[in-house]
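What follows is calculated from the coordinates using simple rules that are stated; it is not laboratory data. Computed from a prediction, not measured in an experiment: that's the story for all the values here. Backbone-built Cβ (ideal geometry, glycine too); neighbour counts: all protein chains shown.
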Amino acid sequence: MTTEATEVTVEELATLMKKGAGVTVDPHDLEARVDTTFAEFGLDSLGLLGIVGELENRYGRSLPTDAERCKSPRAFLDLVNGALRTGA
């Protein structure tokens, strides 16, 4: 089942980090530090890959392959939300 694509928020990303990788990050802290690397939050590439997979399942479409290589929350959200908006 597909969900109408809207936008992945910082709060949703924090939830996905906890659910998919076991990394607990306060959404306000994540928002204040969106240019900090995922590694500094304790999220590794496998955790990010899990988040990508969860979003692909949720929205019923593939995300760009670069999504799993993003280094920061801002880069990830910009790429994912751009893809969801354009359907690319």
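Each residue, Val34 and Glu11, gets one label point 7 Å from its Cα in the Cβ direction; the gap between the two is 1.5 nm. A simple packing score, the average count of other Cβ atoms within 10 Å per residue, orders the peptides 42-49, 30-37, 75-82 as 75-82, 42-49, 30-37, with the highest score first. Which residue, Val34, Ile51, Thr15, has the largest displacement toward the positive end of the dipole of the chain when charges sit on each Cβ (Lys, Arg +1; Asp, Glu -1)? Of the candidates, Ile51 comes out farthest on the positive side. Residue-wise HN-Hα couplings along the stretch 47-59, as the Karplus relation 6.51 cos²θ - 1.76 cosθ + 1.60 with θ = phi - 60° gives them from phi, are x, 5, 4, x, 5, 4, x, 4, 5, 5, 5, 5, 9 Hz; Gly and Pro carry x. For the chain, list log₁₀ I(q)/I(0) at each q in 0.11, 0.25 Å⁻¹, using the Debye formula over Cα point scatterers of equal strength and ignoring solvent, two decimals each. Calculated log10 I(q)/I(0) at the listed q: -0.25, -1.38.
Residues of the stretch 47-61 with the amide nitrogen closer than 15 Å to a label point 7 Å from the Cα of Arg85, along Cα-to-Cβ, please. Counting only backbone N, you get no residues.
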